[in-house]
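Worksheet: one structure, shown below.
The values are calculated or read from the model by the stated rules, or taken from the named source; none is laboratory data. All values derive from a computational prediction rather than experimental measurement. Counting neighbours? That spans all protein chains shown, and the Cβs are built from the backbone with ideal geometry, glycine included.
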Amino acid sequence: MPPSSRTSHRTARLVVLVSGGGTNLQALIDATTASKDSPTAPDHDAEIVAVGADRDDIEGLARAERAGIPTFVVRTSDHDDRADWDVALADAVAAHDPDLVVLAGFMKLAGPAFLGLFGGRTINTHPSLLPSFPGMNAPRDALDHGVKITGATLIVVDAGVDTGPIIAQVAVPVLDDDDVETLHERIKTEERAMLVDWVGRLAHEIVDHRTTTSGEAS
Ligand code: GRF
């Protein structure tokens, strides 16, 4: 898509990928869109142009629909293998011409086709202080290990499991009576704030760079 067909030169285009409840997505929606309670959009340089998922019937997609954001679903079960699914996902995301892709509770690994198009501009939020506790069960693993502090990490996605360069981290205490749910909820409160903050910073850099290179006054 040529830059002239972009929605706005003043915002960074985000595609957000989700697999579940989408509270991180909701935090981004709240930070980037106007609502009836707050008729002017908050001061954020990002615009969510689409939300994608690997499954149907999830609250994450419903949140996007309620906010009037286009959605798409790319299921592994509709494809012969992971390689085909990876190409289909990359194509579906590319159709929305994002500057930045945010994995917000997206429970699949990005494959080579996806990273070929979006490597270096795809970020993922994870509920532990990486490199501790990568993978699907980070709050459970933190509790099992008996750590007293855990947290959340924002990374640039690479081909590994939660191995990419670290952008930001936030620490969260583990309390004696925590179970997986209470700990994960405490982490997610901080995780959402970190995600909104850093997506804002990255979007600002993208818009700044675009303005500078196009010679446009900001
Ligand atoms: C977050 O803690 C994310 O880091 C992890 O799954 C959770 C998703 O939460 N991968 P939500 O769907 O944004 O509520």
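Out of the helices (runs of 4 or more DSSP H) lying entirely within region 105-218, which hold 2 or more residues that are under 21 Å from Ala94 (Cα atoms)?
The qualifying helices (runs of 4 or more DSSP H) are 112-118, 180-214.
Kindly indicate the residue of region 134-150 that is within 16 Å of the ligand (Cβ to nearest atom) and surrounded by fewer than 23 Cβ atoms within 10 Å (Cβ to Cβ) and also farthest from Val87 (Cα to Cα) among those meeting that condition.
Leu143
For region 60-94, enumerate the residues that are among the basic types (Lys, Arg) and not in a loop (DSSP other than H, G, I, E, B).
Within region 60-94, Arg63, Arg66, Arg82 meet the criteria.
Somewhere in region 11-27, is a residue at pLDDT 95 or above and among the hydroxyl-bearing types (Ser, Thr, Tyr)?
The answer is yes, given that some residue of region 11-27 is at pLDDT 95 or above and among the hydroxyl-bearing types (Ser, Thr, Tyr).
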